[in-house]
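Just so it is clear, none of the values below were taken in a lab; they were calculated from the coordinates. Since this is a predicted model, take the numbers as computed values, not measurements. Quick reminder, even Gly has a Cβ in these numbers, built from the backbone with ideal geometry, and neighbours come from all protein chains shown.
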Amino acid sequence: VAPDALAAACDPSRTEDFVAGILDGSIRRIAVLAGAGLSVSAGIPDFRSSAGIYKNLAKFGVNASELERPEDLFCIEFFRENPEPFYAASAMLFAKDATKPTPSHFFLRLLHEKGLLRRVLTQNIDGLELAAGVPQSRVVQCHGGMTAATCTGCGRPADIALVNDAIQATAARMAAPGGGGASGAVVIPHCPACGGVVKPNITFFGEDLPPSFYRTLHHDFLHPSPAGDPDADPCDDGPIDALIVMGTSLQVAPVSSVPQLLPKDVRRLLLNMEPVGEIGSLPGDAVVLGDLDSSCAKLAEQLGWTSELEGLVREA
Ligand code: APR
Ligand code: ZN
């Protein structure tokens, strides 16, 4: 994005215009595109920040020499050869007891409660959007989730408990004195039918995204139904009229192309530590750089939702 365009998009008046659009009802069908930055304050590291997984492999139980590049952790060809790094990292990432949604997740819940949320397209597999109370029908997990599993040997569905038990067992071994990091410490789940390696249904590099992603592309972005359906919820009655992009580096296709699928008059708001993609280049773009929870709290304040947001965070 050209520096002057980005500077203009960062001007507070752009965000104030976005907020005014919500308050005057001209924005009423908001899509959200979320990434790992949304869960960092819940204790789940992102991937590409300096504190992220890809730059701290050893910290996440992964022997970097086993990988050619950090993304191999989530690459299907690599996993078929060697599932150990993935299950070592998963033990460090997912073994913790249930993490709580962040204030930013609860901001999405408020968008829904106000009838403004068309859809959340999340790249995260942690399910915290659902835990925050956003209904399943409004959440698309573009990179899958940790609620189902498949055997990479025979292709049969496998019980996700096999994955969770292996992750917990690995985490326990890593936590035991002297057990950390030793390659023998990693437990790999196997298919009871054929002995093949079981993998959770998250989308690895080299795999196709779930059908729900293509359904939302079709119905929400490319071919939305026209307005005027008396039976539709207001947030469904007509095309998306605003997009909020939060906590993502927009580095991974095809999700990274979503912001450019919308007509140029659709207003876009970026809430992120850093500028990403080409957001800021359009006159209707607003950019708020900084900590996501703080940006969402500021937005809630401008919208008059502070006490509701604080109530949800307190109850969590
Ligand atoms: N506040 C605001 N922004 C933040 C915060 C925070 N507290 N923490 C991180 N971010 C921003 C980072 O600046 C970065 O731009 O969130 C973004 C996270 O980017 P990535 O780590 O690349 O995560 P994501 O975009 O979700 O990755 C996409 O890559 O590895 C694959 O499949 C994996 O779904 C993942 C995909
Ligand atoms: Zn099998």
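Quick notes on this one:
- Ranked list, fewest to most other Cβ atoms within 10 Å of each Cβ, for Tyr214, Tyr87, Tyr54: Tyr214, Tyr54, Tyr87
- A simple spin-label model places the labels of Arg314 and Ala148 4.0 nm from each other, with each point 7 Å out along Cα-to-Cβ.
- Ranking of Arg118, Arg215, Arg28, Arg267 by count of other Cβ atoms within 10 Å, fewest first: Arg215, Arg28, Arg267, Arg118
- Cβ-to-Cβ counts within 10 Å put Thr248, Thr150, Thr306 in ascending order as Thr306, Thr150, Thr248, the fewest first.
- Residue list for the stretch 6-34, given a label point 7 angstrom along the Cα-to-Cβ vector of Ser281 and an amide N cut-off under 13 Å: 6
- Take the Cα of Glu68, step 7 Å toward its Cβ, do the same at Gln168, and the gap between the two points is 3.7 nm.
- Sites Asp4 and Glu81 - FRET efficiency at Förster radius 51 Å, r taken between beta-carbons, to 0.05: 0.60
- Measuring from each cysteine beta-carbon in the chain, the ones with no other cysteine beta-carbon under 4.7 angstrom are Cys10, Cys75, Cys142, Cys235, Cys296.
- Kirkwood-type radius of the chain, with distances r between different C-alpha atoms, in Å: 20.7 Å
- Largest GNM mean-square fluctuation across Leu222, Leu271, Leu262, computed for the chain with C-alpha springs under 10 Å, falls on Leu222.
- Taking 7 Å steps out from each Cα toward its Cβ at Ser307 and Ser225 produces label points 3.7 nm apart.
- Here the Gaussian network model covers the chain, with springs between Cα atoms less than 10 Å apart; of Pro239, Pro230, Pro263, Pro230 fluctuates the most.
- Candidates Asp285, Asp265, Asp72: whichever shows maximal mean-square fluctuation once the chain is modelled as a Gaussian network with Cα springs under 10 Å: Asp265
- Estimated from helices alone, the mean residue ellipticity of the chain at 222 nm is -9000 deg cm²/dmol (sum of -39500 (n - 2.57) over DSSP H runs with n ≥ 4, per residue).
- Put simply, the stretch 32-76 fits an ellipsoid with semi-axes of 21, 13, 8 Å; these come from the alpha carbon gyration tensor as the roots of five times its eigenvalues, largest first.
- Between the stretch 211-225 and the stretch 50-108, the Cα center-to-center distance that results, in Å: 29 Å
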